[in-house]
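Trainee: Take a look at the following structure, please.
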Amino acid sequence: MSLSLPPTYVEGHNLLKDKRVIVTAAAGTGIGFSVAKRCLEEGASVLISDIHEGRLKDSAVRLEKETGVQPATSLCNVTSQEDVDRLFVTAAQIFGETDVVINNAGLGGTADLIDMTDDQWHVVLDVTLNGTFRMTRAAMQTMQGRGGVIVNNASVLGWRAQKGQAHYAAAKAGVMALTRCAGVEGAELGIRVNAVAPSLAMHPFLAKVTTEELLTELTAKEAYGRAAEVWEVANVMVFLASDYSSYMTGETVSVSSQRA
């Protein structure tokens with residue numbers, strides 16, 4: 001089998017059987033939707049959230065159609081503490097307790113630092129880093145005393161430089177640092193906190209907001225000569241959410257085939 005070809009989809013193995021999972025930014029076609037689907041396929045009960053009401057409802061319908069299981073839904077803007085609090089109240093009403101929180105919400109953009117406005121900087125940091133902080137804090141407050149798992153979505157740009165990505169790279173580096181510190185603190189509470197750092201995972205929204213030239217350039221850096229399927233990233237998130245990663249906390253796992 002050539003690793004340059006799209007792989008065969010991996011079937012579920014009940015890795016999250018009876019787990020109760022929240023996934024943020026799960027509407028649409030990206031990693032959030034894919035990890036919600038994988039969680040359902042792995043036996044979890046799932047609550048998906050997003051800022052877009054119409055897309056959230058559509059995603060819930062698609063997830064039920066594709067998995068045979070209907071996820072719960074809740075609108076949530078992770079830049080709002082009120083929304084974050086409401087999300088966990090909703091989860092408590094539906095689940096009783098939450099076992100896993102997957103923080104997928106993030107916002108990108110392209111702007112050279114010399115031209116970047118304060119607003120461009122702040123909006124990316126507020127969604128991507130501050131939103132992950134708010135969700136992680138609320139999850140730890142909810143899980144303390146009984147344990148749980150938090151999985152954050154970072155990026156290889158937290159380690160590596162890319163033109164026009166200073167705000168996004170800084171935010172994702174912050175997610176990595178937050179993950180390390182939360183992992184140490186969470187260990188005292190029975191809470192594991194880890195992150196994934198994807199390099200290039202292709203989906204329609206990314207193709208819409210990224211030039212074909214840049215996508216070709218980024219793809220050429222991948223050892224397999226292709227972007228990851230979003231579910232390949234989701235698989236690693238499921239591993240981190242599962243008991244198979246029981247000794248891991250504070251870690252960021254690169255989901256990448258890049259040579260350097």
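Derivation of every value follows stated rules applied to the coordinates shown; laboratory data play no part. Since the structure is predicted, the reported quantities are computational estimates derived from the model, not experimental observations. Note: ideal-geometry Cβ built from the backbone for every residue, glycine included; neighbour counts use all protein chains shown.
Trainee: For a quick check: with amide H placed at 1.01 Å from N, whose amide H comes under 5 Å from T252's, ignoring anything fewer than 5 positions away on the same chain?
Mentor: When sequence neighbours closer than 5 places are left aside, the close amide H contacts are A195.
Trainee: Determine, for M237, M248, M143, the number of other Cβ atoms within 10 Å of each Cβ, and report the residues in order from fewest to most. Could you put the intermediate results ahead of the total?
Mentor: Details: M237 29, M248 15, M143 22.
Listed from fewest to most nearby Cβ atoms, that is M248, M143, M237.
Trainee: Provide the gained length on full extension for the span I94 to D118, in nm with one decimal, where the gain is 0.36 nm per separating residue minus the Cα-Cα distance.
Mentor: Numbers: separation 24, 0.36 × 24 = 8.64 nm, distance 3.93 nm.
Value of the extension gain: 4.7 nm.
Trainee: Convex hull over the Cα atoms of segment 5-132, averaged projected area in nm²?
Mentor: Numbers: hull surface 38.1 nm².
For segment 5-132, the mean projected area of the Cα convex hull comes to 9.5 nm².
Trainee: Using only Cα positions of the chain, each an equal point scatterer, no hydration layer, compute I(q)/I(0) via Debye at q = 0.17 Å⁻¹ and quote the log10 values to two decimals.
Mentor: Per q value, in the given order, log10 I(q)/I(0) is -1.41.
Trainee: Now a separate question. Taking the inverse of the average 1/r across all pairs of different Cα atoms in segment 60-138, what Kirkwood radius in Å do you get? The partial results should precede the final answer.
Mentor: Working: mean 1/r = 0.0687 Å⁻¹.
That comes to 14.6 Å for segment 60-138.
Trainee: Taking only DSSP H segments of four or more residues, each worth -39500 (n - 2.57), what value at 222 nm results for the chain once the sum is divided by all its residues, to the nearest 500 deg cm²/dmol?
Mentor: Values: 9 runs with 111 residues, N = 260.
Mean residue ellipticity at 222 nm (helix-derived): -13500 deg cm²/dmol.
Trainee: Here's something else I'd like to know. Do you know the relative contact order of the chain, to the nearest whole percent, from alpha carbon pairs under 8 angstrom that are 6+ apart? Mind showing how you got there, number by number?
Mentor: Details: 508 pairs, mean separation 50.8, N = 260.
Relative contact order comes out at 20 percent.
Trainee: To continue, here is another question. Using a 10 Å cut-off around each Cβ, can you sort I102, I51, I191 from fewest to most neighbouring Cβ atoms? It would help to have the intermediate numbers written out before the result.
Mentor: On the way: I102 32, I51 18, I191 24.
By the 10 Å Cβ count, ascending: I51, I191, I102.
Trainee: Determine the sum of side-chain charges near P6: Lys and Arg each +1, Asp and Glu each -1, restricted to other residues whose C-beta is under 14 angstrom from that of P6.
Mentor: Working: positive: R226; negative: E222, E229, E232.
After counting each charged neighbour, the total is -2.
Trainee: Taking neighbour Cβ counts within 10 Å as the exposure measure, how do F33, F239 sort from fewest upward?
Mentor: Details: F33 26, F239 17.
In order of increasing Cβ crowding within 10 Å: F239, F33.
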